[in-house]
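The structure appears right after this line, and notes come after that.
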Amino acid sequence: MLQRDFDLGLTLPPDRLCPPVPVRYNYIHWIQRLIETTSPGSEIHTNGAQRVNGLDIGTGASAIYALLACRTRPLWNMYASEIDSHSLSFARKNVEANDLTSRITFHRSSEKDALIPLNNLGEDRLDFVLCNPPFYSSLAEMTESNVAKSRPPSATCTGAENEMICPGGDIGFVSRILDESLRLRAKVKWYTSMLGKLSSVHALISKLKDNSIDNYAVTSLRAGRKTRRWAVGWSFDDYRPVNAVCRGKEVSAVALPTPTEDTIRVDGASAEEVAKRLNTLMNGLDIEWSWDEARSSGTGSAKENVWSRAARRKRKRAEMEQSQGIDGTIPMATDQSNQKLALYVHITVTEGQADVRWLRGHDGLLFESFCGTLKRALREGSSARPTV
């Protein structure tokens with residue numbers, strides 16, 4: 001499969017994991033979509049041509065993730081860490097055999113080292129880290145899990161103990177990544193890991209929420225009927241991924257983050273009428289609004305909620321005072337450069353509907369409030385007044 005679909009060849013030792021490709025490719029492809037839909041301009045342009053630096057924590061003898069990442073994205077570069085010298089020697093050979101030594105750099109680590117050693121890598125920041133951690137906390141747990149399966153395994157496991165077992169299992173290992181992320185924060189754009197148990201997914205998301213991390217993504221990595229894995233990523237930046245990336249299928253609703261897209265239906269209205277109502281609303285708010293007639297879409301940003309009744313009354317009062325010669329200014333968004341961006345959206349208009357994409361921001365309730373205001377204005381006409 002690797003040779004046919006990716007022009008990659010592997011040489012593996014008989015005493016280390018032999019990686020099934022589909023789930024691993026699904027993980028890499030998900031990370032690619034995660035990076036590309038949270039990049040500036042992603043609402044308009046097709047990405048994949050940007051330079052990206054990533055780290056594979058525990059690359060294994062195959063270096064499969066680094067190889068797949070670099071083979072499928074020509075401008076991506078990878079660091080690959082490994083604590084096991086036997087695995088590392090084969091990983092180097094595999095990278096050399098596939099002529100990717102200029103784009104994949106190895107780092108020999110130890111159990112006491114940081115999992116994300118930016119200083120040792122000579123990097124100030126990374127675009128992402130990925131990890132396929134050991135799934136079991138003990139040999140007994142691994143044996144018990146295999147016995148509990150309804151079907152026998154489809155292949156013989158050749159993994160070494162360090163590849164299969166670690167204190168606390170997968171959630172124990174990923175918790176170490178989370179702890180480091182709380183110190184590094186935006187020095188890594190996306191922290192991600194594969195997880196082997198759904199219970200670990202819920203445990204990790206609970207930890208993210210406990211640490212006030214609101215920007216996260218979760219997905220299922222099922223490949224066929226037999227193997228099921230999950231992936232979770234989190235970021236301290238405010239760039240939001242598309243729904244298909246952050247709200248994956250086969251994940252319970254309680255684990256999903258706030259939606260980042262909304263489609264507003266405007267029955268019976270032409271695209272021109274929808275655009276007219278949209279621009280009337282947006283131009284009447286303290287929002288940085290830019291409309292592209294050719295694409296029938298626009299982008300808007302706000303430093304705070306400026307569409308509520310209270311915000312509109314405040315602006316109306318300021319306009320009246322200014323027109324009457326009383327000291328007072330209209331609080332425009334352009335005058336608030338010292339404030340953080342609260343909401344950034346992209347809206348595309350087609351026949352009978354408007355598609356809203358949440359691009360940036362940390363407050364999901366603010367995005368939902370904005371969509372509510374937009375829905376009323378588009379459905380009721382240009383004279384509709386926004387409310388809370």
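Restricting to the stretch 60-89, count the residues that are on the phi < 0 side of the Ramachandran plot and either outside the structural domain of residue 108 (by TED's automatic domain parsing) or not aliphatic (A, V, I, L, M) (or both). Don't jump to the end; show me each part of the working.
Of the stretch 60-89, the ones on the phi < 0 side of the Ramachandran plot are 61-62, 64-89.
With the extra rule that they be either outside the structural domain of residue 108 (by TED's automatic domain parsing) or not aliphatic (A, V, I, L, M) (or both), the set shrinks to 62, 65, 70-74, 76-77, 79, 81-82, 84-87, 89.
Of the residues in the stretch 60-89, 17 are on the phi < 0 side of the Ramachandran plot and either outside the structural domain of residue 108 (by TED's automatic domain parsing) or not aliphatic (A, V, I, L, M) (or both).
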Handout entry: Tabulated pairs, the stretch 20-39, first farther than 18 Å from residue 222 by Cβ, second aliphatic (A, V, I, L, M), C-beta under 7 angstrom, 6+ apart or interchain
Key = 35/52; 37/242; 37/245
Handout entry: Hits in the stretch 194-242 - residues which are over 25 Å from residue 361 (Cβ atoms) and either without any contact (Cβ under 8 Å) to a residue 24 or more places away in the chain or of a type in the set (S, T, N, Q) (or both)
Key = 199, 200, 220, 225, 227, 228
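Name the residues in the stretch 10-54 that are in a loop (DSSP other than H, G, I, E, B) and modelled with pLDDT of 95 or more, would you?
Filtering the stretch 10-54 down to residues in a loop (DSSP other than H, G, I, E, B) leaves 10-20, 37-51.
Matches in the stretch 10-54: 37, 38.
Results for (1) in a loop (DSSP other than H, G, I, E, B); (2) at pLDDT 95 or above; (3) of a type in the set (Asp, Glu), shown as yes or no for each residue.
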residue	(1), (2), (3)
234	no, yes, no
254	no, no, no
289	no, yes, no
294	yes, yes, no
298	no, yes, no
315	no, no, no
320	no, no, no
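With the condition kept exactly as written, say whether any residue in the stretch 55-73 is among the basic types (Lys, Arg), part of a helix (DSSP H, G or I) and out of contact with any Ser or Thr (no Cβ under 9 Å at 6 or more places or on another chain). Don't jump to the end; show me each part of the working.
Step one: list which residues in the stretch 55-73 are among the basic types (Lys, Arg), which gives 71, 73.
Next cut, part of a helix (DSSP H, G or I) only: 71.
Filter once more, so that each one left must be out of contact with any Ser or Thr (no Cβ under 9 Å at 6 or more places or on another chain): 71.
Within the stretch 55-73 (the criterion being among the basic types (Lys, Arg), part of a helix (DSSP H, G or I) and out of contact with any Ser or Thr (no Cβ under 9 Å at 6 or more places or on another chain)), the answer is yes, since at least one residue qualifies.
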Fill in the blank from the handout: Screening 101, 105, 158 for residues that are of a type in the set (Val, Ile, Thr), modelled with pLDDT of 50 or more, within 28 Å of residue 217 (Cβ to Cβ) and surrounded by fewer than 19 Cβ atoms within 10 Å (Cβ to Cβ) leaves only 105
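Please verify whether residue 7 is at positive phi and touching a residue at least 60 places away in the same chain (Cβ under 8 Å), treating the condition exactly as stated.
For residue 7, the condition - at positive phi and touching a residue at least 60 places away in the same chain (Cβ under 8 Å) - is met.
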Exercise for the section: State yes or no: is residue 200 polar (S, T, N, Q), farther than 23 Å from residue 118 by Cβ and crowded, with 19+ Cβ neighbours inside 10 Å? Expected result: yes
Problem - Matching residues, the stretch 292-301, being surrounded by fewer than 16 Cβ atoms within 10 Å (Cβ to Cβ) and in contact with a strand residue (DSSP E or B) (Cβ under 9 Å, 6 or more places away or on another chain) - result: 292, 295
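Would you pick out the residues in the stretch 259-289 that are β-branched (Val, Ile, Thr) and under 29 Å from the mean Cα position of the chain (by Cα)?
Kept after step one, since they are β-branched (Val, Ile, Thr), are these residues of the stretch 259-289: 260, 263-264, 266, 274, 280, 287.
Selection gives 260, 263, 264, 287.
Okay, residues lined up against (1) surrounded by 21 or more Cβ atoms within 10 Å (Cβ to Cβ); (2) of a type in the set (Gly, Ala, Ser); (3) in the same structural domain as residue 27 (by TED's automatic domain parsing):
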residue: 213; (1), (2), (3): no, no, yes
residue: 217; (1), (2), (3): yes, yes, yes
residue: 233; (1), (2), (3): yes, yes, yes
residue: 237; (1), (2), (3): no, no, yes
residue: 247; (1), (2), (3): no, no, yes
residue: 267; (1), (2), (3): no, no, no
residue: 290; (1), (2), (3): no, yes, no
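Could you tell me which residue of the stretch 350-373 is farthest from the chain's Cα centre (by Cα), considering only residues that are among the hydrophobic types (A, V, I, L, M, F, W, C) and part of a strand (DSSP E or B)? So that I can check it myself, show each step before the final result.
Initial filter on the stretch 350-373 (among the hydrophobic types (A, V, I, L, M, F, W, C)): 354, 356, 358-359, 365-367, 370-371.
Restricting the remaining residues to those that are part of a strand (DSSP E or B) gives 354, 356, 358-359.
On the way: 354: 24, 356: 18, 358: 13, 359: 12 Å.
Filtering first and then ranking leaves 354.
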Practice task
From the list 110, 89, pick out the single residue that is outside any helix (DSSP H, G or I) and either of a type in the set (Gly, Ala, Ser) or free of Cβ contacts under 8 Å to residues at least 40 places away in the same chain (or both).
Solution key: 110
Fill in the blank from the handout: Residue count, the stretch 1-30, condition crowded, with 20+ Cβ neighbours inside 10 Å and in contact with an Asp or Glu (Cβ under 9 Å, 6 or more places away or on another chain), comes to 2
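The values are calculated or read from the model by the stated rules, or taken from the named source; none is laboratory data. All values derive from a computational prediction rather than experimental measurement. Reconstructed Cβ throughout: ideal geometry from the backbone, glycine too, with neighbour counts over all protein chains shown.
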